[in-house]
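Taking it in order: structure first as structure tokens, then the write-up.
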Amino acid sequence: MNQSLNQPGQTSLGKFSVMHVAVALAVSALVIDSATAQSAAAKAEAKADDKLENIVVTAQRREEELQKVPVAITTLSAKDLEQKQIRRLDDMKFEVPNIVVEPATGTSSAAKIFMRGVGTDESLFSADPSVAIYIDDVYMPRMTGALLDMFDVTRIEVLRGPQGTLYGRNAPGGAIRYVTAKPTGAEKFDVEGRVGNFHRLDVRASVSTKLSEGVDATFGVMSKARDGYLKDITNGGMVNDEQIYGARGSIGFNMGSTRVTVAGDILRQRSGPQYASSVIDAAAAARFNRPINNADGNLLTIETNLPPGAGRNDLDQNGFSVVTSTDFESVEWRNIYAYRKMDNALAIDLDGTAQTRFHLFQDQRQSQNSLESQLISTGKGALSWTAGLFAFKEQNDQPTRQDIFAPGATNLLAQTVKASALYGQADYRLSPVFKLTAGMRSSRESKDFSIISIRTNGTEAFRVAKSNTWTNTDWKLGLDAQLSKEILAYASASTGFKSGGFNGRAGTVAQFTTLKPETVKSYEIGFKTTLADGKVRFNINYFRNDYKDLQLTAFDANGVSNLTNAASALIKGVELETVAQITPDWQISGHLGTLDSKYQDFSAANAATFAGKALKQAPKQQWGLGTNYRIKTANGTINLNAGMKRVGDHYQNLAVSELIKTQAYSLVDARVGYDVKGGKWSVALWGKNLGNKIYYTGAFDIAGIGMADAYLNVPRTYGVDLRYRFK
């Protein structure tokens with residue numbers, strides 16, 4: 001169900017219509033026309049570089065030009081994040097091929113990430129993510145708390161495909177790397193504010209300075225608030241609001257030939273839970289022969305029997321890290337130690353009705369310690385290499401209760417995870433054209449898991465305790481050829497591994513299962529080209545991923561969640577990314593991702609579940625287009641930015657229910673910004689989802705308990721950004 005709808009419940013700024021936005025853009029156009037005339041002389045004198053900026057990444061643990069790295073990578077700079085309005089993790093899905101990133105169902109702080117058709121949509125800690133997230137090389141193991149804001153970030157690197165021979169925790173689907181601002185001693189003090197409809201009010205401030213000779217520091221704070229966009233017709237008021245506060249700081253100093261960086265962060269989120277909208281209106285009831293649960297036919301109204309304020313999604317997380325880098329002339333020795341903890345209290349109505357069909361309550365306590373040590377060659381010979389040791393320990397404890405028609409038992413869950421790995425990768429320059437890459441990884445992971453189930457009368461229903469250890473060896477082989485200065489061709493084969501685990505939502509001993517590890521063999525060929533004398537980048541790749549024992553989550557007809565090993569799966573696709581500098585002031589970009597996914601090697605008993613069905617969260621096609629036009633004036637620069645994203649149909653559950661399928665949709669964003677000469681201040685008018693499209697970001701279809709509902713994206717938003725630089 002894909003709709004264009006008016007937004008309910010808006011006041012003040014929220015009452016402005018698209019016409020008001022159009023008028024504002026028209027006024028901007030008049031200003032632009034005037035400014036163009038005023039700046040003609042300045043343009044005549046300027047000699048702007050009309051080539052694309054050379055992008056440097058550290059995806060392979062060393063600084064390299066993006067176009068010389070034989071890996072499928074999408075890189076977003078701080079400038080990209082600003083101009084393309086990427087302010088949270090799920091905004092990145094509009095710029096990366098073959099990725100689906102949405103809030104996990106029912107939560108406002110957890111992220112479900114599917115890359116190349118594979119991911120995790122179970123936020124309980126018994127399920128491990130298939131796509132790894134790193135913040136300054138510190139691994140984030142849980143979906144909860146992963147819906148991160150782009151705060152004080154200088155660059156994001158998205159790597160598609162298995163990432164194991166260069167990274168701490170194995171990631172069979174891919175990795176997302178956040179690179180935050182480092183203390184360099186540069187003097188900077190910025191303040192930024194954002195206002196918009198739904199009473200949006202965001203504030204960010206960051207400072208960078210030199211404390212003393214050789215001692216540098218950065219510090220930043222942020223707050224973010226927005227009213228809800230769904231109307232609760234049971235209790236009155238709006239739901240699905242947002243309220244977040246955070247701070248991050250770091251200090252860097254030298255100890256001889258060693259650079260030490262100590263960083264810490266804290267985040268407090270008091271957003272409400274995400275409520276779902278029932279989806280069976282009169283038309284859907286007739287089509288699917290199901291009872292109506294959305295009588296008014298309006299997706300932007302919801303029902304719930306939780307009293308006002310009873311729904312919660314309180315998140316508190318913090319951590320610190322110590323990173324050292326020592327230069328031994330031909331070798332760099334890096335060490336990364338980190339500690340993090342997270343508390344998440346969640347109370348949600350999942351069924352979308354005014355009855356207790358499915359409510360969930362849980363209170364997670366998580367902590368982790370990790371240590372990674374790396375040796376990285378820095379010489380200029382034919383051989384370059386990286387070797388690393390990774391050790392990780394995580395503890396989770398959580399009471400959880402599912403109320404299906406009546407209060408259910410409280411399950412006390414606990415899990416301790418210990419993971420260690422040795423990894424290494426080497427590149428050998430066979431000739432000026434050819435380079436060979438080989439990597440190896442040895443992983444060992446153990447989990448101690450337990451459930452103690454307590455009935456509503458206080459007696460014990462059952463208990464289960466299980467421990468298991470899994471080991472695996474992964475590898476990578478690659479060959480690339482620098483066919484010319486402008487063309488790189490590459491081919492690679494690699495494997496990936498995700499350890500086994502346990503079904504943490506089991507309601508009885510019989511429902512408790514142990515998962516086998518998930519493995520993948522990945523094959524990829526690609527070309528990276530720089531054309532037209534540096535004015536055009538065109539990168540394309542083809543991949544084939546063979547998954548075995550794919551780990552998937554599904555609900556049965558009675559609302560029982562099953563985390564199990566599915567059949568094998570074959571996923572093939574093409575990814576294309578291009579950007580062209582048409583003139584010194586006009587740039588266009590585009591990307592395309594295709595997926596051909598199918599289950600295979602399933603037994604006859606499972607044929608009804610898998611035969612002929614597509615993988616969930618795997619749209620066959622996604623594409624995006626973007627443009628940025630810069631107009632220089634006598635006193636500053638006007639930047640016009642617009643983008644469009646198209647996502648194909650895709651299913652939200654293993655049963656490929658047509659009732660809750662996400663229909664193909666298109667979204668349009670735009671931004672008009674003005675930067676004063678010298679960069680002292682800037683202002684921008686922005687709009688997101690200007691067509692006001694509504695689509696399903698997640699959904700449930702559990703016929704046995706009369707439940708069919710969907711989670712919706714945020715409708716059209718717009719507003720103004722203002723930034724001031726004191727230094």
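The values are calculated or read from the model by the stated rules, or taken from the named source; none is laboratory data. Computed from a predicted structure; not experimentally measured. FYI the Cβ positions are ideal-geometry reconstructions off the backbone, even for glycines, and counts take in every protein chain you see. SASA here: full protein model, heavy atoms, side chains in, ligands and nucleic acids out. Shrake-Rupley method; radii C 1.70, N 1.55, O 1.52, S 1.80 Å.
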Open item on the list: Please return the ranges of strands (runs of 3 or more DSSP E) entirely within the range 126-204 where 3 or more residues are more than 28 Å from residue 274 (Cβ to Cβ).
Closed with: 153-160, 188-196
Task: Scan of the range 700-724 for residues that are under 24 Å from residue 101 (Cα atoms), open to solvent by 30 Å² or more (accessible area, probe 1.4 Å) and of a type in the set (Gly, Ala, Ser), ordered by number - done: none
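Residues are listed down the side, and each one gets a yes or a no for (1) of a type outside the set (Val, Ile, Thr); (2) part of a loop (DSSP other than H, G, I, E, B):
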{"residue": "448", "(1), (2)": "yes, no"}
{"residue": "457", "(1), (2)": "yes, yes"}
{"residue": "464", "(1), (2)": "no, no"}
{"residue": "470", "(1), (2)": "yes, no"}
{"residue": "476", "(1), (2)": "yes, no"}
{"residue": "484", "(1), (2)": "yes, yes"}
{"residue": "493", "(1), (2)": "yes, no"}
Task: Residues of the range 248-283 satisfying the condition of being closer than 27 Å to residue 237 by Cα and of a type in the set (A, V, I, L, M, F, W, C) - done: 267, 276, 279, 280, 282
Open item on the list: For the condition over 14 Å from the mean Cα position of the chain (by Cα), at pLDDT below 90, open to solvent by 10 Å² or more (accessible area, probe 1.4 Å) and farther than 30 Å from residue 541 by Cα, what is the one hit in 190, 152?
Closed with: 152
Task: Single residue of 474, 546 found to be within 27 Å of the chain's Cα centre (by Cα), under 27 Å from residue 69 (Cα atoms), modelled with pLDDT of 95 or more and open to solvent by 30 Å² or more (accessible area, probe 1.4 Å) - done: 546
TODO: Within the range 422-442, identify whether any single residue is among the polar types (S, T, N, Q) and either open to solvent by 50 Å² or more (accessible area, probe 1.4 Å) or under 26 Å from the mean Cα position of the chain (by Cα) (or both), and answer yes or no.
DONE: yes
Task: Matching option when the condition is in contact with a Pro (Cβ under 6 Å, 6 or more places away or on another chain) and touching a residue at least 60 places away in the same chain (Cβ under 8 Å), among 218, 165, 184, 144 - done: 218
TODO: Look at residue 645 and say whether it is over 21 Å from the mean Cα position of the chain (by Cα), surrounded by fewer than 21 Cβ atoms within 10 Å (Cβ to Cβ) and of a type outside the set (Ser, Thr, Tyr).
DONE: no
Open item on the list: Is it the case, given these coordinates, that residue 278 is surrounded by 17 or more Cβ atoms within 10 Å (Cβ to Cβ), under 18 Å from residue 706 (Cβ atoms) and modelled with pLDDT of 95 or more?
Closed with: yes
Open item on the list: Let me confirm something: among 375, 371, 383, 412, which residue is open to solvent by 60 Å² or more (accessible area, probe 1.4 Å) and free of Cβ contacts under 8 Å to residues at least 40 places away in the same chain?
Closed with: 371
- [ ] Give the range 70-86 a look and list any residue that's touching a helix residue (DSSP H, G or I) at 6+ places or on another chain (Cβ under 8 Å) and either more than 23 Å from residue 716 (Cβ to Cβ) or open to solvent by less than 30 Å² (accessible area, probe 1.4 Å) (or both), or say none.
- [x] 73, 75, 76, 85, 86
Open item on the list: Any residue at all in the range 260-270 that's in contact with a helix residue (DSSP H, G or I) (Cβ under 9 Å, 6 or more places away or on another chain) and β-branched (Val, Ile, Thr)?
Closed with: no
Task: Matching residues, the range 559-615, being of a type in the set (A, V, I, L, M), part of a loop (DSSP other than H, G, I, E, B), touching a residue at least 40 places away in the same chain (Cβ under 8 Å) and within 29 Å of residue 542 (Cα to Cα) - done: 566, 567, 614, 615
TODO: Return yes or no: is residue 309 over 21 Å from the mean Cα position of the chain (by Cα) and open to solvent by 10 Å² or more (accessible area, probe 1.4 Å)?
DONE: yes
Open item on the list: Tell me whether the range 530-538 contains one or more residues that are within 22 Å of the chain's Cα centre (by Cα), among the aromatic types (Phe, Trp, Tyr) and at pLDDT 95 or above.
Closed with: no
Task: Tabulated pairs, the range 106-134, first in contact (Cβ under 8 Å) with a residue 24 or more places away in the chain and over 17 Å from residue 520 (Cα atoms), second among the acidic types (Asp, Glu) and part of a loop (DSSP other than H, G, I, E, B), C-beta under 7 angstrom, 6+ apart or interchain - done: 112/121
Task: Any hit, the range 491-503, residues being more than 28 Å from the chain's Cα centre (by Cα) and open to solvent by 40 Å² or more (accessible area, probe 1.4 Å) - done: no
TODO: Working only within the range 673-727, note down all residues that are within 27 Å of the chain's Cα centre (by Cα), of a type outside the set (S, T, N, Q) and not in a strand (DSSP E or B).
DONE: 690, 691, 695, 714, 715, 716
Task: Evaluation of residue 511 against (1) in contact with a Ser or Thr (Cβ under 8 Å, 6 or more places away or on another chain); (2) under 30 Å from residue 414 (Cβ atoms); (3) of a type outside the set (A, V, I, L, M, F, W, C); (4) open to solvent by 40 Å² or more (accessible area, probe 1.4 Å) (one fails), failing number - done: (1)
- [ ] Taking only the range 88-123 into account, find how many residues are charged (D, E, K, R), open to solvent by 10 Å² or more (accessible area, probe 1.4 Å) and in a loop (DSSP other than H, G, I, E, B).
- [x] 3
Task: Among (1) open to solvent by less than 20 Å² (accessible area, probe 1.4 Å); (2) in contact with a Phe, Trp or Tyr (Cβ under 7 Å, 6 or more places away or on another chain); (3) modelled with pLDDT under 95 - the single one residue 353 does not satisfy - done: (2)
TODO: Count, please, the residues in the range 525-548 that happen to be closer than 13 Å to residue 577 by Cβ and of a type in the set (D, E, K, R).
DONE: 2
